[in-house]
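Asker: Quick one: structure below, then a few questions.
Here, each number is a calculation from the coordinates, and none is a lab measurement. All values reported here derive from a predicted model rather than from experimental measurement. Note: ideal-geometry Cβ built from the backbone for every residue, glycine included; neighbour counts use all protein chains shown.
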């Protein structure tokens, strides 16, 4: 490892790896707080004596510049142009993926140590992503009871004249809920509802 002045480091124009501004700010904050970061991987810059081309670590170099640092810790690799191009395409992309449950457990440990408000400031995830990962650790809700086929609602279709439709609308307007709920309430179709009182029988004369 050697320290190389940032003025001697050159970024490649064909570097395809781009870090969002928010993550770059967090990266700079981490370096400022800990003074630790993976060494940049560079090679001697072809055609420019004393300069080095960055193969891996473009964002770390930018974070160091933002912090006012003058040099970066680097590893120098002696590679030709073809190998440099391959490294540029792979070093920034070859990485493992977090197993979600383990990541959630790790974040819970960090939450207990640093507190809820601090995590979005020091971790790559934003507050919304952190909350989703927190939900992973919660017990899933109990499954809803299954509905028997005989208990499923049954569609009923009937036809009315316009006058009958108006009278029905007037009758149902005093009930709350959906049209189905209004009909059930008006006709007292619930199992525990009392039937409509029957009109008194007419006496025979």
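Asker: Over the alpha-carbon set of the chain, divide Rg by the Kirkwood Rh and report the Rg/Rh ratio to two decimals.
Answerer: Rg divided by Rh gives 1.44.
Asker: Return, ordered by residue number, the residues of region 49-89 whose backbone nitrogen is under 15 Å from a label point located 7 Å along Cα→Cβ of residue 2.
Answerer: What the label zone holds, given the 15 Å backbone N cut-off, is 49-54, 71-79.
Asker: Run the numbers for residue 51 and residue 67: contour at 0.36 nm per residue of separation, minus the present Cα-Cα distance, in nm.
Answerer: The residue 51-residue 67 span can extend by a further 3.6 nm.
Asker: Using a Debye calculation, one point per C-alpha and no hydration shell, please list log10 I(q)/I(0) for region 2-90 at q = 0.13, 0.17 Å⁻¹ in order.
Answerer: Rounded to two decimals, the profile gives -0.40, -0.69.
Asker: Jot down the per residue volume, in cubic angstrom and as a whole number, of the convex hull over the alpha-carbon atoms of region 52-151.
Answerer: Convex hull volume per residue, Cα atoms: 191 Å³.
Asker: While we're looking at this one, here's another question. Quick one: compute the contact order of region 48-169, relative version, from alpha carbon pairs under 8 angstrom and 6+ residues apart, as a percent.
Answerer: This gives 20 percent for region 48-169.
Asker: Here's something else I'd like to know. Angle check, please: helix 21-34 long axis (alpha carbons) against the longest principal axis of the chain (alpha carbons), in degrees 0 to 90, nearest 10.
Answerer: 60 degrees
Asker: Test of understanding: what is the full-extension gain from residue 118 to residue 131, defined as 0.36 nm times their sequence separation minus their Cα-Cα distance?
Answerer: Length gained, residue 118 through residue 131: 3.4 nm.
Asker: Round to the nearest 0.05 the FRET efficiency obtained for residue 91 and residue 146 when R0 = 45 Å and r is the Cβ-Cβ distance.
Answerer: Calculated value: 0.30.
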